[in-house]
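For reference, the structure is listed below as structure tokens.
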Amino acid sequence: RGPVKQNIYRQFIELIQRKCKNWSIVASIRTYDAKHSLELLNLFPIKSPEISEEFQVENVKYRHFFVPPLSDTEITNFLSGNQPLNDLYQKANDKLKKLFYVPFNLWLLDTLISGGITPNKISDAQTVVQLFGLYWEYRITNKQDSDDRENILRKAAKIMVGHNSLSFSNLHDVFLPW
């Protein structure tokens, strides 16, 4: 998300807008950037307000679609078809129950339960950071090759920090000296 990459993405969007006039462009943008970026406002000028107000974020001046938290009815419907998550929800503290209302968190909770993390262990979580900790345990720490996984991730993170970037292009660097 550095300025160089942001500029490349904006140039790409501008090119598509010029060359492909009948295309609709969909971009996933952080709420903060959506509220404060003049460049984004220029790329996506105000259009007709055809989207319901519940899917809008105040002070975002261009056409957008906000994914709100799930409703009680949506949670009930979802949980009725997923007994392990329903059981966890019924035993959950209030803070964990709130996490169920964010679609990404539901995926995370389902992945943890499906991956064998016990409901008792998950029920102690109160924040999304704690869920990420459990996910790390599930994907990295509890694997036979956990040391290798952590070394690869450590190298990848070091390369990205060194380049001031959230990505890198040369996987070869991560796997050396293997």
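Here, each number is a calculation from the coordinates, and none is a lab measurement. As the structure is a prediction and not an experimental result, all values here were calculated from the model. Cβ coordinates were reconstructed from backbone atoms using ideal geometry, including for glycine residues, and neighbour counts include every protein chain displayed.
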Filter the range 134-147 down to the residues that are in a helix (DSSP H, G or I), surrounded by 12 or more Cβ atoms within 10 Å (Cβ to Cβ) and of a type in the set (D, E, K, R) and list them by number.
E137, R139
Condition first: surrounded by fewer than 14 Cβ atoms within 10 Å (Cβ to Cβ) and outside any helix (DSSP H, G or I). Now tell me which residues in the range 117-133 satisfy that.
T118, D124, T127
How about the range 88-116: which of its residues are surrounded by 19 or more Cβ atoms within 10 Å (Cβ to Cβ), among the aliphatic types (A, V, I, L, M) and assigned to a loop (DSSP other than H, G, I, E, B)?
A92
